[in-house]
């Protein structure tokens, strides 16, 4: 059976952040401008502690931060929790947010997601933008509460309108994917642009995709490339992969196979499966680097172990043909089986061949017919031919 290594899926077009990418909850500036001292940052630890012990709410919150960060004193999570709790109970929103953070991560107290959500809600309802963003994320993920995309959208919007950059990014994703609201690619583009211009790396990547696909704006490949470069320079793996693809294809930028290899390698070294698969292909074909079947095998294996169907298929070919290692038809069959189960057409056709010829498994014409049928349904010509031959013999 004639086989081919498939290495590149092309420009990735999935918006970030993906599920599970949590907003940060840095203390930020906890003291509002109207405070008589203007900022607790101007005071020593001893001065802040004295004010806190006298009942000053802002000082209590600031003291909690000092203990949390180890600023002017040793870190002490328990004392941080105690002082933040005092300020939070007096209604100070930043302290309420940070108290929720302590409950969420078990800092200075036992983890308690119910309490975390309770305090985050109190802060959010008082207009604390970081708390609103974290609460939105909690509703999006179902962390400490039931999933509720309408509430997630609501809180992201509240925070985004207060210029919270992470909420702006999440709000863009909601509009782009129609989660918690009607799909609106124009608003998605606008919110991505706001966050991107303020340096958010995920938003920069998403903005590049909008310019590439024309979602919410006119297609503008040059701007797509510009924003992709910014995100890649900040170390975002999907952007690094896409930039590598741009250099490989040479459509909107001069082709440079060495740079293509280097950017895809950067993404692969971060564990990005699409890039790992592509890097394996670069090594097997000698694209932008010297041919190295052993390294190709290693990178395909890394991606395959992450469930990347294309790499699972490629790894099956390597084991079947003994590329970069000894032949092992049983392992070849196992990896082809994994890829085929994910609907990868070429793997389905090859799996049919394995059952027909007894490669890595016992001959089984019924299974061969089944898998040739699946591949043929997806347009695989070889599978169509083999399926016809099997049926003629029946």
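Each reported figure results from applying straightforward, stated rules to the coordinates on display, with no laboratory input. No experiment lies behind these values; they were computed from the predicted model shown. Cβ atoms come from the backbone with ideal geometry, glycine included; neighbour counts cover every protein chain shown.
Helical runs (DSSP H, four residues minimum) scored at -39500 (n - 2.57) apiece and divided by the length of the chain put the mean residue ellipticity at 222 nm at -20500 deg cm²/dmol. Across the chain, Cα pairs under 8 Å and at least six residues apart give a relative contact order of 8 percent.
Relative contact order, percent, of the stretch 317-393 when contacts are C-alpha pairs under 8 Å separated by at least 6 residues?
Working: 112 pairs, mean separation 16.0, N = 77.
Reported as a whole number, the value is 21 percent.
Normalised by 2.2 N^0.38 Å, with N the number of residues, the alpha-carbon radius of gyration of the stretch 115-262 equals 1.17.
Of 82, 198, 366, the residue with the greatest mean-square motion in the GNM of the chain, using alpha carbon springs below 10 Å, is 366. Residue-normalised convex hull volume from the C-alpha trace of the stretch 241-365: 93 Å³ per residue. Among 265, 168, 334, the residue with the largest mean-square fluctuation in a Gaussian network model of the chain, with springs joining Cα atoms closer than 10 Å, is 334.
Cα centroids of the stretch 332-394 and the stretch 123-169: 48 Å apart. Compared with the dominant Cα axis of the chain, that is its longest principal axis, helix 273-285 is turned about 40°. Peptide packing for 52-58, 141-147 was compared via the average number of neighbouring C-beta atoms within 10 Å per residue; ordered from the highest value, the list is 52-58, 141-147.
Computed from Cα positions, the angle between helix 221-233 and the longest principal axis of the chain comes to roughly 70 degrees. If the elastic network links every pair of Cα atoms under 10 Å, which of 333, 297, 45 fluctuates the most in the Gaussian network model of the chain? Top of the fluctuation ranking is 45. Note on the chain: Cα convex hull, mean projected area over all directions, 24.5 nm².
Each peptide in 299-306, 318-325, 159-166 receives the mean, over its residues, of other Cβ atoms within 10 Å, and ordering these scores from highest gives 299-306, 159-166, 318-325. Divided by 2.2 N^0.38 Å, where N counts the residues, the Cα radius of gyration of the stretch 310-355 comes to 0.98. Taken over the C-alpha atoms, the stretch 42-126 has Rg and Dmax values of 12.0, 35 angstrom. Axis angle, to the nearest 10 degrees, between helix 57-69 and the longest C-alpha principal axis of the chain: 40 degrees.
Here the peptides 128-137, 225-234 are ranked by packing, the mean other Cβ count within 10 Å, and the order with the highest first is 128-137, 225-234.
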